[in-house]
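The values are calculated or read from the model by the stated rules, or taken from the named source; none is laboratory data. In this text the structure is predicted, and so the values were computed from the model without any measurement. Don't worry about glycine lacking a Cβ; one is built from the backbone with ideal geometry, like all the others, and counts go over all protein chains shown. When the accessible area is computed, the model is the full protein with side chains, heavy atoms only, and any ligands, DNA or RNA have been set aside. Shrake-Rupley method; radii C 1.70, N 1.55, O 1.52, S 1.80 Å.
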Amino acid sequence: MLRKIFESRGSALLRLRLNQSRRCLTKLAYETAENDHQHFVPKMPAFDYKPPPYDGPSAAEILAKRQRHLNPCMTYLYTNPLYLVDGKMQYLFDESGRRYLDAFGCIATVSCGHCHPQVLEAILNQTKKLQHTTALYLNRPIVDFAEALASKTPGDLNVVFFTNSGTEANELALLIARLYTGSHDIISLRNGYHGNASATMAATAQRNHKYNVLQTGIHHALNPDPYRGIHGSDGPKYAKDVDEIIMYGTSGRIAGFISEAIQGVGGVYELAPGYLPEVYNSVRKAGGLCIADEVQTGFARTGSHFWGFEAQGVVPDIITLAKGIGNGVPLGAVVTTPEIAKVMTSHGYLNTFGGNPVSTTAGLAVLKVIENEKLQQNASTVGTYLKNQLLDLKEKHEIIGDVRGRGFLLGIELVTDRELKTPAPLETLHVMEQMRDMGVLIGKGGVHGNIFRITPALCFTKEDADFLVATMDYVMSKM
Amino acid sequence: MIRLKLRKLNIVEGKMQYLFDENGRRYLDAFAGIVTVSCGHCHPDILRAIEEQNKLLQHATTIYLHHAIGDFAEGLAAKMPGNLKVVYFVNSGTEANELAMLMARLYSGNLGMIALRNAYHGGSAATIGLTALNTWKYPIPQGEIHHVVNPNPYRGVFGADANLYAQDVQDHIDHGTSGRVAGYISETIQGVGGAVELAPGYLKLVYDMVRKAGGVCIADEVQTGFGRTGSHYWGFQTQDVVPDIVTMAKGIGNGLPLGAVVTTPEIAQVMAQKIQFNTFGGNPVCSAGGLAVLKVLDKENRQKHCADVGSHLIGRLKDLQQKHDIIGDVRGRGLMVGIELVTDRKEKTPAKAETAVLFEKLRELGILVGKGGLHGNVFRIKPPMCFNKDDADFLVDALDYSITKL
């Protein structure tokens, strides 16, 4: 009896709240609330797949094994680590068969979707025929893929080196720049991330990723960050810092400049408009090469363009790729001009696994899927839609300091004070955990760990976007 | 450009130890895609594991839990001696050696690395530093690396005397460093360098010196690992030592882009100060494939098979050496064999041109071998580990035939 009264009062309160926040709620979520006034909870879009029952080891057993045998600096995204077993398109399934919306794309890597049928078919067919020979012998997939990649890149950028990761690609790019120019100095951006091997750790500029080892020949320029940066969105002003580095910190001649077009690990900071054209100019005047790290921004993720650097209206000398290039297959690439590539012919360079038939077949399948399924357009349309919803959410919740990015590379920065922009890492963690409980997986970034990274597979839909926003709203409202 | 050129050989398919070109012609693959296809091209068990995992979940990263990576790490650790039981997964041998060098420097607090002349450890800027073959070294700064005299029993100035070679290491430590080093790295049988097996007893002496100087000992098992040497599972075991860090790649996944670094919990701990993250490393498919490789190698008794077929092969090659003057040296163990060709047995003048001719002749007869050594005069015979005695006989007969016709 008492319960019924409580429930009816509860539903009245709910309706009141709904009216207040109606602007931020999607139609779907709202309907859910209307129909189910006992539990107002956003509902995940329908999906036609039920994972087979899982009889593997328990999460506890896995954790114990990891602690015994895997690297001790391994961190998990949640206090109670999520145990994944199955993945289909933009969804993941845990050991109990529960479905989650993967809005992180397993770190911007699953571009077409988990186990995308065309990519899977290509991989399996090739694996059954020939999986590895090395580039010592001819085989078809590597050239088909190289040719297809070259057709997507501007200008003279049509020579491809295949590697197995972003780190390897950036290491090679830096090596090429240094060899080509005969100089050693490289300029990269503060807050940038480029990899974890010797030269790439040096180029990376976030202390949590830099060990206390010798890292030479790198200069970190002021980050052209429109949100926190001292010059706001004035790209050319930030570019002056690069001029100063060249003028005072080097002999006046440098090997090159490397940057992401939208920083990934750093927290989705998009370079201030007008920045790259100025910098590329300065770098080239100093004899250096311009390297665009497209590991996260490449392959149509930003929606407006196929490559992130295109949004800044520049053409780099070297492009590095990885992550989404193979929908998760360990693959990376360096694309450059024939003239620059020639510098590698003075000595031997052979990447044993690089360009193997399976990885390159997967890469080619990814390009075809992106084209056939118009994923770039989807990233643009749904990405913009999602960003607008998030901007609405920002109006409602003080804790959202900034919403930025483009296409399916979006960031939401949480702050405890909008003016001072004090990072809110604890709240970020809390929201992320709560959203996981409700079935939405997002990522975290930034040196303070207060930035949500939303980088789903490019097949993410409007309904998925609605669900994500409704869930975030729900969680933030309860804080 | 220095490259192994196989004129227009278009490979389309592979099954176990054989490859097929676009005309359907079959070749005996005696090089295994550079010592990489360990179980055999498209080995059914591996294929099944890869397929099953690919259909479920191909990529997750270690920010989430997945069972495959832990299972594989456990499987690898079980094969290791001593306290070597913490595994880092990466995507290649180069990445593995980069990481090993980083660990050595962090753990020891020192900078100097010691490597062998004629070694190959990778193609990135830092591993190029460790590599000691001019054809593979671009002109870039490579700090704090000391290359010591190669304990090469065939060409080395001290023959097979490990003591004398080891003294060069102490010499470098005493004169070229502060007296403290970060570490030492070597292959047990040099791969790219031409299947050179380190003089017996060498590593024991060197490991001792390096450890006294505060350094860690790294065994590069990229080519020698997984039972290929026949006598042991790991190459370093042939020298009766236990390293501090072991790096592996190539055969670990039968061709999957996979590498690993195995070390002790004590050394691994040093990485915990910061974040060392590898996006693709340890992904479900590669982990499932890697674990399948371990199982196949055990189930099919590949290590013993390598010992049997290897000794048969080496035996026959040594007979061939009696017959043909051009064969200067036959060396190696198990299915990691080298044949060095010389125009003069005393001077040991590399028979570079002849090697190139024979290389093509063998291909015409249907056999794919590898080539190595600084002068490109060493045949590298490192087939998938399912290579059998008949294959060995075919190879030796073909070589005999080709040399006779030179």
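Worth a mention:
- Probe 1.4 Å - accessible area at B:Arg333, Å² to nearest ten: 70
- Note on region A:117-372: with neighbouring protein chains present and a 1.4 Å probe, carbon and sulfur make up 51 percent of its accessible heavy-atom surface.
- Protein-only accessible surface order, largest first, of A:Glu395, B:Glu300 at 1.4 Å: A:Glu395, B:Glu300
- Accessible surface, region B:44-300, averaged per residue in Å² (probe 1.4 Å): 28
- A:Met479-B:Glu52 FRET efficiency (beta carbon distance; Förster radius 41 Å; 0.05 resolution): 0.45
- Size of electric dipole in the protein assembly as shown: Cβ of Lys, Arg +1 and of Asp, Glu -1, about Cα centre, debye, nearest 20: 300
- Dipole in debye (nearest 20) - region B:44-300, about Cα centre, beta carbon charges: Lys, Arg +1; Asp, Glu -1: 220
- Taking every alpha-carbon pair under 8 Å whose residues sit at least 6 apart, chain B reaches a relative contact order of 23 percent.
- Mean-square fluctuations from a GNM of chain B, with a 10 angstrom spring cutoff on Cα atoms, peak among B:Ser178, B:Ser92, B:Ser124 at B:Ser178.
- Chain A, relative contact order in percent, only Cα pairs under 8 angstrom and at least six apart counted: 21
- Sorting B:Lys250, B:Lys323, B:Lys346, A:Lys396 on solvent-accessible area from highest to lowest, probe radius 1.4 Å, gives B:Lys346, B:Lys323, A:Lys396, B:Lys250.
- Other residues whose C-beta falls under 11 angstrom from the C-beta of A:Thr416 contribute a net charge of -2, scoring Lys and Arg +1 and Asp and Glu -1.
- Within the assembled protein chains, the solvent-accessible surface assigned to A:His231 is about 70 Å², based on a 1.4 Å probe.
- A:Met89 long-range amide H proximity, modeled H, under 5 Å: A:His114, A:Cys115, A:His116
- Region B:100-122 and region B:134-213 have Cα centres spaced 11 Å apart.
- Listed by chain and number, the lysines whose alpha-carbon sits under 22 Å from that of B:Lys318, ignoring those within fewer than 8 places in the same chain, are B:Lys304, B:Lys346, B:Lys348, B:Lys352, B:Lys361, B:Lys371, B:Lys382, B:Lys389, B:Lys405.
- Note on A:Leu350: accessible area approximately 50 square angstrom, rounded to 10, probe 1.4 Å, nucleic acids and ligands left out.
- Note, ³J(HN,Hα) from phi for region A:290-303, Karplus 6.51, -1.76, 1.60, rounded to Hz, x at Gly and Pro: 9, 10, 9, 7, 9, 4, 9, 7, x, 6, 6, 4, 7, x
- Simple spin-label estimate for B:Lys137 and B:Lys8 in nanometres, 7 Å along Cα-Cβ: 3.8
- Over chain A, dividing the summed -39,500 (n - 2.57) contributions of all DSSP H runs of at least 4 residues by the number of residues returns a 222 nm mean residue ellipticity of -12000 deg cm²/dmol.
- For B:Ala166, the shell of other residues with beta-carbons less than 15 Å away shows a net charge of -2, using +1 for Lys and Arg and -1 for Asp and Glu.
- Seen from B:Val35, the other residues with C-beta closer than 15 Å to its C-beta sum to a net charge of +2, counting Lys and Arg as +1 and Asp and Glu as -1.
- The alpha carbon gyration tensor of region B:358-406 gives principal lengths a ≥ b ≥ c with a/c of 1.5 or higher and a/b no greater than b/c, which makes the shape oblate.
- Simple spin-label estimate for B:Ala353 and B:Lys389 gives 4.0 nm between the two label positions (7 Å along the Cα-to-Cβ direction from each Cα).
- Between B:Val157 and B:Arg211, full extension at 0.36 nm per residue minus the direct alpha carbon distance yields a gain of 16.9 nm.
- A Förster radius of 45 Å combined with the Cβ-Cβ distance from A:Ser58 to A:Thr422 puts the calculated FRET efficiency at roughly 0.65.
- Model label sites at A:Leu350 and A:Lys285, defined 7 Å from Cα along the beta-carbon direction, differ in position by 4.5 nm.
- Shown are A:Leu77, B:Leu116, whose ranking by accessible area with a 1.4 Å probe and every protein chain present, most to least, is A:Leu77, B:Leu116.
- Charged-residue dipole, Cβ positions (Lys, Arg, Asp, Glu), chain A about Cα centre, Debye nearest 20: 640
- Per residue, the solvent-accessible area of chain A (1.4 Å probe, heavy atoms of protein chains only, all protein chains present) comes to 38 Å².
- FRET efficiency for the pair A:Asp437 and B:Asp308, taken as 1/(1 + (r/R0)^6) with r the Cβ-Cβ distance and R0 = 60 Å, rounds to 0.55.
- Of the accessible area of chain B, computed with a 1.4 Å probe over protein heavy atoms only, carbon and sulfur atoms account for 50 percent.
- Compactness relative to 2.2 N^0.38 Å, alpha carbon Rg of region A:99-207: 1.34
- Tensor-based shape of chain B (alpha-carbon gyration tensor, a/c under 1.5 rounded, otherwise prolate or oblate): oblate
- Heavy-atom accessible surface that A and B bury in contact, both chains counted, 1.4 Å, Å² to 100: 7900
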